[in-house]
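Presented below is the structure to which this report refers.
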Amino acid sequence: MDKDMLKKQIENMKFQATMERWPLSKSIAADDSKMKVKVLVRNPDDYLRETKRDIHKLPRNYDPALHPLEAPREYTRALNAVKLERVFALPFIGCLDGHRDGLSCLGKTPDHLSWLYSGACDGELKLWDVAKRRVLCTVQAHDGFVRAIAYSQESSSLYTVGDDKLIKQWKSEAEDGSDLKAPVNTILTGGMLTGISPHRSKPILATCGEACNLWEPTRAQPIKTFQWGVDSLQSIKFNQVEENILAACGSDRSIILYDMRESVPLRKVVLKMRSNSICWNPMEAFIFTVANEDYNLYTFDMRNLNSPLNVHSDHVSAVIDVDYSPTGKEFVSASYDKTVRIYDARQAHSRDIYHTKRMQRLTCAAWSLDDRFIFSGSDEMNIRIWKARAAEKLGVVKPREKTALRVNAKLIEKFEHHPHIKKIQRHRHVPKHVYNARNELRSGRIAARRKEFNVRTHTKRQKPIISEKVKAIVSEQQ
Amino acid sequence: MSSPKGSEKKPASEVRSTATQNLKKKFKPPKDEHLLRKTKNKKPNNTFTKKAEGRVVKRQLPKFKSSHGKTPNSGAVQKFSRPPKTGQKGKEGAQDDQTEEDPFPGDAPIPHARLQKHKRGKAEDLDKNGVTFLSNRIHLKKKEKLVKYAVNLAARSEILLPEETGFLEPAKGDCTSEITQVQIKSSVDITSATKQFDLSMQFGPYAINYLRNGRKMLIGGRMGHVAAFDWVTKQLTCEMNVMESVHDVAWLHNETLFAVAQKEWTYIYDNQGIEVHCIKKLNNVLRMEFLPYHFLLATTNDSGTLSWLDVSMGKMVKRTHTHLGRLDVLCHNPRNAVLCCGHSKGTVSMWTPNFVSPVVKMLCHTQPVRSVAVDQSGVYMATSSIDCSLKIWDLRTYNCLQSYKLGCGASNITFSQRGLLAVSMGNIVEVYKDICTETIHKPYLKHFVGSSVSGLKFCPYEDVLGVGHARGMCSMLVPGAGEPNFDALESNPFQTKSQRRETEVKSLLEKIQPELITLDPFELGEVNRQSVIEKFEEKTRYMV
């Protein structure tokens, strides 16, 4: 027994002795007579952080075999992303309170991104600091409505027109905007004025009222007058890219294009209903959008006025005002149905809708020049500030957070056609009057379409087929 | 960086790199005296003195134009009182590495196999595909470009992977199957040698389960012995005897919970061994599999019932009665989370929780199927039956790729992360390499285990095979079995407690719904033609 025990002990010791070698170099010798073996071994120092203050080490391997089930996992992530986006969609920021009568127009200036000019129906002009949400300066600009405000980049001054048939030029030199006291210049015009637009680079103003007039600030008489028909014009805008082109909406349901250098207007397109407002796309030279009374917005290419590029529908009442984003990719529209809608410039349906119980009839809308905020002015004397992208975080966004938000946005874009994700992304709570009106209008449209289809299939002599887009246009004239 | 003027007092033995020298050329117009002073302090260095000479010479001939390595700016450089780079380069042989013609211009080529590995399908031919609008076609082409760029980048990033796989090369004339575990153990370093160990316990045939990151191990003996421990440090997490027969053990999503299939019901225990749940609905369970991305515990029953239990909510997702008899052969396909069961009629059936009947049923053998295994990539399936045959099937085409005859019926088979197949026949465990792609004649490794094998599992991310047998368990070294480079965002063997908690929350948020389990995991990216056609028809019904 002892011998066996001893033998075992000796064998054990031998075994242990062999175990304590460091034979790595020996086994990886360069001769073939020995076997070579390597077993996977990881040094923990390479994979663990050194101190508690470091971040954790994360070695990555992008081999697809290690990442199974990619499609369902990404789909789940996209679903979470779209739900989170809806959770964080809180677009209302604040309200600028202070006017004593309903708002009639808004003006922006590129020199101070946080300044906003607003004109009221009692003739008051206020300059707001939007970031601090307070008034910087108030001045009684006109007797009667302030019809339009426009900022001229060429002369760095503000122009306003009012019901007292005056064009006033204002300058605010001071940094705190408190010197908006008296107009720098006043032009007495004889006729009604409803809109104003300054030229991008020349000291010329265009006003509309009974006719389209071009003014120079130093002259008391218009340098040019364009007249087509006897009807008045509602709104006029200079093209900011093609600087000599103007467009105006007339009360005879027309949109008229002018070239400043010519003596007669260029073209006129007559729609079925009157347009309330017009806005040029700041990035694309020949595209403009009109806000029409027939609950739609029409985007035209200046070169081809016989068919609109796009018909943007979704409002349930007349559209009052439209303004483009400085990127030219989206625009905001304010409508008589107490809602503000944001559209993508190429798409027919709105991407977002903003509404509040307290917001009554809207009169004007503006998109801030840093592309982040939307202003809406309404009849109940308030200007509301909204986020342009409802789920955007306004504060300081850290780099990792930013990456995560971008990844989420991309995931949503990747899976946007899947039914569940589409449904969640498009779902918006809408006021009851809008909801009911929308259903009513939709059933009316479907009924009209079905009737036309039936009429066509059962009549022998048929009128030519007109596309939905072109139906809104009555005629084009030169 | 470029040293200031006071550096002429530096010792001569200081080595100056070509980088700093080139920088000096760029940013400092050299003066004669300055240079000469420097050369005095330096040891005679051929290249350096040559350069000094070159500089001096060149400035006396301002209109000299070298013919070497013309750049369009060479003329412009000469306007300043700096020597032209190009002319200088011609003089020195040792330092002309910047503007000389690059013999391999452009990016390094990526090996085709590596690129194929990262590709996720063929690119669409957009010109012929019927995309009518030009703007859409352009948009799609841009997307294809981005995809291609991503694939390239992923393939290139493989150079950053830190570890390499293990290997075993026998001595000349020998073959690997003759190498024993003792030999391997004695030839590797201490850490790896400790990974080869034997535990002899007397509580019945043991079932084994490794945690998903390869860190911890769970063993369950038929007599009721259950233990969870860190098999590298041999540190015991918990150990108990449940006083009932244990048929199978499985880790849940991390090391805090594990499930034990006991005589009547299934119990879930904490990492301290505290019984957390007793699930009476999972009764008479024979085999268990945990689907990590769906948080589903899939179990097979004595009476032929397959159940999926969502462990995050505690909800029974589906119970299907298979009507195919006692189910004691189970395996899950990691690629699409489908369960594969083997039956006594020689068939293998595949099940998802969305259908009452099996999605695939294939006749694999004429005799009862003893064991089924699916490899990591979900392409190959190995089945063994009582009549000593082992067959390899392709899961895309359901063809039999290889058919082998073994010494005796294989009771357990399992695939490793790198495609090695471990087969246990009675007392012997054999490991085969490249069994799916080629017809092999000899095993890679062989090991004689003392008693009949009851459980066989490879450890993820390690070159280790765990063998549970009637008298305990044994851990074998199999070089080249484990995936050397793990992705920390998938499973991290070096996870700390805070990382574990964060991963748990993240994986719960990304838990895939069981409705999305399909045979083809990429079906979600396909267009549902039927519904598109229906919608289109409805839209255009009254269109004129």
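List of remarks:
- Where strands (runs of 3 or more DSSP E) fall wholly inside the range A:151-259, the ranges with 3 or more residues that are over 30 Å from A:L113 (Cα atoms) are A:224-226, A:254-259.
- Matching residues, the range B:419-445, being at pLDDT 95 or above and in contact with an Asp or Glu (Cβ under 6 Å, 6 or more places away or on another chain): B:V423
- Every condition in (1) surrounded by 13 or more Cβ atoms within 10 Å (Cβ to Cβ); (2) out of contact with any helix residue (DSSP H, G or I) (no Cβ under 9 Å at 6 or more places or on another chain); (3) assigned to a helix (DSSP H, G or I) holds for B:E523 except the one numbered (2).
- Of the set (1) within 23 Å of B:K216 (Cβ to Cβ); (2) out of contact with any strand residue (DSSP E or B) (no Cβ under 7 Å at 6 or more places or on another chain); (3) more than 8 Å from chain A (Cβ to nearest Cβ), all apply to B:C459 but (2).
- Of all residues in the range B:161-189, those that are in contact (Cβ under 8 Å) with a residue 40 or more places away in the chain and hydroxyl-bearing (S, T, Y) have Cβ atoms under 6 Å from Cβ atoms of residues that are surrounded by 15 or more Cβ atoms within 10 Å (Cβ to Cβ) and part of a strand (DSSP E or B), 6 or more apart or on another chain, in B:T176/B:L168; B:S177/B:K446.
- Against the numbered list (1) within 12 Å of chain A (Cβ to nearest Cβ); (2) surrounded by 21 or more Cβ atoms within 10 Å (Cβ to Cβ), B:F494 comes up short only at (2).
- Strands (runs of 3 or more DSSP E) (entirely within the range A:329-389) containing at least 2 residues that are within 20 Å of A:S104 (Cβ to Cβ): A:330-335, A:362-367, A:373-378, A:382-387
- Restricting attention to the range A:315-329, the residues that are surrounded by 21 or more Cβ atoms within 10 Å (Cβ to Cβ) and of a type in the set (D, E, K, R) total 2.
- Yes/no for B:V464 being within 30 Å of A:L58 (Cα to Cα) and touching a strand residue (DSSP E or B) at 6+ places or on another chain (Cβ under 8 Å): yes
- From the list A:L136, A:L103, A:L113, A:L127, the one residue that fits, being surrounded by fewer than 17 Cβ atoms within 10 Å (Cβ to Cβ) and of a type in the set (A, V, I, L, M, F, W, C), is A:L113.
- Exactly one residue out of B:S475, B:S454 is under 16 Å from A:L40 (Cβ atoms), away from chain A (no Cβ under 11 Å), polar (S, T, N, Q) and in contact with a Phe, Trp or Tyr (Cβ under 9 Å, 6 or more places away or on another chain): that is B:S475.
- Among the residues of the range B:136-180, the ones that are more than 9 Å from chain A (Cβ to nearest Cβ) and either under 16 Å from B:V478 (Cβ atoms) or among the hydroxyl-bearing types (S, T, Y) (or both) come to 5 in all.
- Some residue of the range A:173-186 being touching a residue at least 24 places away in the same chain (Cβ under 8 Å) and crowded, with 22+ Cβ neighbours inside 10 Å: no
- When A:V434, A:V455 are screened for being modelled with pLDDT under 95 and either within 26 Å of A:E330 (Cβ to Cβ) or not charged (D, E, K, R) (or both), only A:V455 passes.
- Check on A:L271, among the hydrophobic types (A, V, I, L, M, F, W, C), touching a helix residue (DSSP H, G or I) at 6+ places or on another chain (Cβ under 8 Å) and touching a residue at least 40 places away in the same chain (Cβ under 8 Å): yes
- Pick from the range B:374-425, criterion small (G, A, S) and assigned to a loop (DSSP other than H, G, I, E, B), ranking: nearest to the other protein chains (Cβ to nearest Cβ): B:S377
- Meets criteria (at pLDDT 95 or above and charged (D, E, K, R)) for A:K83: yes
- Test: B:K128 is more than 14 Å from chain A (Cβ to nearest Cβ), of a type in the set (K, R), exposed (fewer than 12 other Cβ atoms within 10 Å of the Cβ) and at negative phi: yes
The values are calculated or read from the model by the stated rules, or taken from the named source; none is laboratory data. Bear in mind the structure is a predicted one, so any value in this text is a computation, not a measurement. Here Cβ is always computed from backbone atoms with ideal geometry, including for glycine, and neighbour counts include all displayed protein chains.
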